[in-house]
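Engineer: For reference, the structure I am asking about is given below.
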Amino acid sequence: MKRFLIAGNWKMNLNRGEAVQWGQQVASAIAEDHPVDIVVCPPSVYLQAAGEALTDSPVSLAAQDMYHQPNGAFTGEISAAMLVDLGCRYVVLGHSERRHILGESNELVQQKVQAAIAAELIPIVCVGETLEQRQAGQTTDIVQEQVAGSLGALSPQQVSQMIIAYEPVWAIGTGQVATPEQAEEVHADLRTILENRYNHEAATQVRIQYGGSVKPENAAELLAQPNVDGALVGGASLKADSFLGIVEAAATCLNP
Ligand code: PGA
């Protein structure tokens with residue numbers, strides 16, 4: 001039986017009041033024994049406010065990024081321990097906006113993944129191809145290179161407990177969602193890649209989310225794919241109602 005993980009990534013959006021309101025609305029809608037794992041990734045400056053609004057709810061907090069060093073002269077950066085201190089359980093690493101806009105390399109993502117795991121944060125590691133790469137037939141090679149470069153020498157046991165998000169760059173924020181078949185194909189490839197690099201158990205247990213223009217209207221058909229274990233949601237997570245619609249689509253998939 002799948003255990004879906006639905007995460008809302010606000011990116012650089014909302015203000016403090018909106019963050020609190022979102023947290024209160026979601027907290028009041030989600031029962032303690034909700035069958036879906038629910039995660040919210042507010043901007044780091046609102047982690048505390050959102051976390052307080054979500055106290056007593058099963059919704060977990062995630063950061064959108066972190067730095068791999070434990071402390072020191074790294075102006076503007078935030079360590080894994082600081083995120084744990086604020087109540088974070090997860091951290092998104094290697095999001096395509098960080099890879100493409102901020103120039104993050106696989107090597108840097110790998111250092112962050114190791115530091116996150118050492119601090120007992122669960123990494124949500126993002127991979128995905130650009131439109132040009134897809135059109136050139138390079139999708140599998142690209143995600144394979146990103147998995148190898150970003151996960152490196154983790155143990156199968158460490159891999160089994162993390163989250164991978166397949167986010168085709170051409171589908172992020174564009175409204176152009178991957179078809180369920182396109183998503184399933186890459187998710188299945190990712191399991192093979194992970195099985196070859198680690199082992200069968202790690203490849204089966206790791207949860208692979210799809211991300212890129214997920215909305216309440218298209219969530220159910222994506223989540224119904226055998227290798228899709230959840231969604232990483234950007235734009236449609238900014239309004240509590242639409243985020244809750246995606247969470248409910250996941251719950252309905254479990255109990256049609
Ligand atoms: P989107 O973003 O849902 O707005 O396409 C997804 C993401 O970047 O995680």
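The values are calculated or read from the model by the stated rules, or taken from the named source; none is laboratory data. What you are looking at is a predicted structure, and each value in this text was computed from that prediction instead of being measured. Here Cβ is always computed from backbone atoms with ideal geometry, including for glycine, and neighbour counts include all displayed protein chains. With ligands, DNA and RNA removed, areas are computed over all heavy atoms of the protein, side chains included. Shrake-Rupley method; radii C 1.70, N 1.55, O 1.52, S 1.80 Å.
Engineer: Over the chain, what percent of the accessible surface lies on carbon and sulfur atoms, probe 1.4 Å?
Structural biologist: 49
Engineer: Quick check: Cα centre of segment 182-238 to Cα centre of segment 3-20, how many Å?
Structural biologist: Computed from Cα coordinates, the inter-centre distance equals 20 Å.
Engineer: What accessible area per residue comes out for the chain, rounded to a whole number of Å², with a 1.4 Å probe?
Structural biologist: With the other protein chains kept in place, the chain gives 44 Å² per residue.
Engineer: While we're on this one: For the ranges 172-180, 141-149, what's the packing order if you count other beta-carbon atoms within 10 Å of each residue, average per peptide, and put the highest first?
Structural biologist: 141-149, 172-180
Engineer: Hey, another quick one. With viscosity set to 1.306 mPa s and temperature to 10 °C, compute the Stokes-Einstein D of segment 5-254, Rh being the Kirkwood radius across alpha carbon pairs; µm²/s, no decimals.
Structural biologist: Reported coefficient: 88 µm²/s.
Engineer: Report the per residue volume, in Å³, of the convex hull enclosing the C-alpha atoms of segment 130-191.
Structural biologist: 92
Engineer: Additional query: How big is D for segment 1-145, in µm² s⁻¹ as a whole number, if Stokes-Einstein is applied with the Kirkwood radius of its Cα pairs at 4 °C and 1.567 mPa s?
Structural biologist: 79
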